[in-house]
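Structure, as structure tokens:
The values are calculated or read from the model by the stated rules, or taken from the named source; none is laboratory data. Source: prediction; values computed, not measured. Positions of Cβ are backbone-derived with ideal geometry, glycine not excepted, and every protein chain shown enters the neighbour counts.
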Amino acid sequence: MVNLWIDGKATPGSANRTRTIINPATLEPIDTVVEGDAADVRRACAAAKRAQRHWGRMPALERAKLLHDAARLMRDDRAELSALLTREGGKPRIENLDEVEWCAACFDYYGEIARNSYGNSVPPTGEHQINFTIKEPLGVVAAIVPFNYPLLLLAWKIAPALAAGNSVVVKPSELTPLATLRFCERILGHLPAGVVNVVTGTGPEAGESLVDDPDVACIAFTGSTAVGQRIAERAGRQLKRVNLELGGIDPLIVFPDADLDVAVPGTAFARFLNNGQVCTSAKRIYVVEPIADAFIERFVAHTRELTLGDPMDPVTDLGPMISERARARVEGQVAQALAQGATLLAGGRRPANAGLGYFHEPTILSGVRADSIAHCEEVFGPIAAIEVVATPDEAIERAAASDYGLGANIYTHNLTWAMRAMQEIKAGTFWINDPLTDNDAAPFGGMRKSGMGRELGEEGLDAFRDVKHVHVDFVPERKGFWFPYRNRRGEIPA
């Protein structure tokens with residue numbers, strides 16, 4: 001059994017409750033973890049608050065070294081971490097090897113930027129004055145992380161939070177806590193005790209307690225829009241800072257001039273990566289009419305070539321979905337889309353020969369209407385929903401018609417179409433001819449119902465800092481505008 005990680009050591013839970021973690025590909029048990037509760041959250045937050053006093057005052061150069069050490073330890077443990085990620089989450093092993101490297105790169109990036117970012121000098125308003133700003137840590141940060149990228153979405157939160165001088169309490173998904181616990185014990189175990197803590201458990205138990213805890217100054221959350229709204233409401237009662245990366249129904253446009261040798265496999269990657277369980281995946285695909293038939297024919301053929309199976313097998317492209325509940329939800333959404341007039345071109349069922357796990361074939365729907373559930377609701381699974389449109393203008397208009405705004409993708413060589421789409425479509429990240437590529441130095445986050453705040457870049461560092469203005473007059477003297485005002489009677493107009 002794997003315990004909680006509190007104050008630098010493995011810690012039993014208060015209620016003696018446990019949860020068995022299941023391999024979604026084989027349905028075999030992997031390990032058992034503690035099911036944390038409000039008392040465990042309270043202990044973790046108290047430990048984090050004690051540790052933050054010293055951590056926040058540690059010179060940035062020393063914190064940077066510890067972050068670089070963490071990046072090195074990640075690379076040293078890459079084989080074991082990626083295997084554990086694969087067993088508990090179902091992503092193909094190659095994707096998890098990438099995920100560990102991306103985490104290491106993120107820690108290296110913030111190890112450097114935190115040494116060079118502290119504040120600014122401001123022009124003074126008078127003689128012998130100096131004005132400057134300093135950026136201070138918020139205190140204790142709660143990091144609530146989903147199942148689909150357990151370590152990457154954790155790193156995007158805690159690397160900048162730690163670099164800024166905050167301590168953290170992590171609540172991983174109850175479905176995928178094992179790699180997180182290993183990560184914090186073996187990769188971050190060299191940090192001072194209490195700087196990083198992990199409480200496993202469910203949202204209603206551990207998650208809500210963490211959001212409500214009085215020692216938590218900021219909640220960084222990735223997950224659904226509905227849960228994000230509830231977190232924002234609860235945090236608002238205590239005026240806590242929130243950083244929310246929420247759901248997306250991201251568009252992808254294939255314009256008439258697109259190179260189909262690139263756009264077809266690129267679109268498949270943008271939709272089927274991690275079996276479609278990616279918040280920025282291309283959930284609304286718009287293909288402009290002149291190339292629609294050719295694109296769809298090639299897209300169906302390419303999709304049928306993808307290998308669905310054991311995620312530990314090097315040839316596997318798509319593994320299982322995370323749970324039976326997730327698969328059943330996607331099946332219901334597909335059935336509703338078909339009832340609304342969509343046509344099934346490929347997939348649409350549970351494979352007969354993929355094993356016992358939560359597998360679902362990569363599925364292609366065409367003739368998807370603008371009001372279809374497949375384009376109005378986030379479908380978190382391997383479902384490509386295609387709508388053919390008459391013109392580039394119509395494609396841009398349809399893509400922009402959403403209450404969400406996490407990401408958007410287009411394929412074109414036409415600069416006018418690209419810039420018009422970029423201006424019209426609300427999206428935190430806009431990819432042109434290169435879908436789902438992230439950059440540690442560039443901000444990531446959503447607009448509208450896709451969230452608030454940013455991760456990565458210097459914006460991601462500022463998400464965990466408060467700005468303090470410092471005003472110095474190095475020649476102390478009595479000011480002429482102080483009381484008594486009778487000394488200023490001559491300034492008042494007659």
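Looking at (1) part of a helix (DSSP H, G or I); (2) over 20 Å from residue 163 (Cα atoms), which is the only condition residue 70 fails? That leaves (2) as the condition not met.
If the condition is being of a type in the set (Val, Ile, Thr) and in contact with a strand residue (DSSP E or B) (Cβ under 9 Å, 6 or more places away or on another chain), then segment 34-93 contributes 34, 41. Within segment 92-103, none of the residues are buried (at least 20 other Cβ atoms within 10 Å of the Cβ), at pLDDT below 95 and touching a helix residue (DSSP H, G or I) at 6+ places or on another chain (Cβ under 7 Å).
Which of the residues belonging to segment 46-67 are free of Cβ contacts under 8 Å to residues at least 24 places away in the same chain and part of a helix (DSSP H, G or I)? Of everything in segment 46-67, those that are free of Cβ contacts under 8 Å to residues at least 24 places away in the same chain and part of a helix (DSSP H, G or I) turn out to be 53, 62. Of note, residue 193 satisfies the criterion of being in a loop (DSSP other than H, G, I, E, B) and either of a type in the set (Gly, Ala, Ser) or crowded, with 24+ Cβ neighbours inside 10 Å (or both).
Per this entry, residue 438 is not counted among residues that are surrounded by fewer than 22 Cβ atoms within 10 Å (Cβ to Cβ), in the same structural domain as residue 299 (by TED's automatic domain parsing), under 22 Å from the mean Cα position of the chain (by Cα) and touching a residue at least 40 places away in the same chain (Cβ under 8 Å). Given the structure, is residue 408 in contact with a Phe, Trp or Tyr (Cβ under 7 Å, 6 or more places away or on another chain), part of a helix (DSSP H, G or I), surrounded by 24 or more Cβ atoms within 10 Å (Cβ to Cβ) and of a type outside the set (Asp, Glu)? Here the answer is no, as residue 408 does not meet what is asked.
Can you pull out the residues in segment 210-248 that are assigned to a strand (DSSP E or B), of a type in the set (Gly, Ala, Ser) and either free of Cβ contacts under 8 Å to residues at least 12 places away in the same chain or surrounded by 24 or more Cβ atoms within 10 Å (Cβ to Cβ) (or both)? Write out each step before concluding.
Within segment 210-248, the first condition is being assigned to a strand (DSSP E or B), and the residues that meet it are 216-222, 241-245.
If we keep only those that are of a type in the set (Gly, Ala, Ser) as well, we get 217, 220.
Within segment 210-248, just 220 meets the criteria.
Return yes or no: is residue 33 over 25 Å from residue 217 (Cα atoms), surrounded by 20 or more Cβ atoms within 10 Å (Cβ to Cβ) and assigned by TED's automatic domain parsing to the domain that holds residue 180? Yes, satisfied. In the set (1) of a type in the set (S, T, N, Q); (2) in the same structural domain as residue 319 (by TED's automatic domain parsing); (3) more than 19 Å from residue 156 (Cβ to Cβ), the condition left unmet by residue 281 is number (3).
Among the residues of segment 73-103, those identified as in a helix (DSSP H, G or I) and either touching a Gly at 6+ places or on another chain (Cβ under 7 Å) or of a type in the set (Val, Ile, Thr) (or both) are 86, 94, 100.
So which residues in segment 249-305 are part of a loop (DSSP other than H, G, I, E, B) and touching a residue at least 24 places away in the same chain (Cβ under 8 Å)? Spell out the reasoning first.
Of the residues in segment 249-305, the ones part of a loop (DSSP other than H, G, I, E, B) are 249, 255-259, 277-281, 305.
The answer is 249, 255, 256, 257, 258, 259, 277, 278, 279, 280, 281.
The set of residues in segment 341-374 that are within 30 Å of the chain's Cα centre (by Cα), among the β-branched types (Val, Ile, Thr) and within 24 Å of residue 265 (Cβ to Cβ) comprises 363, 364, 368.
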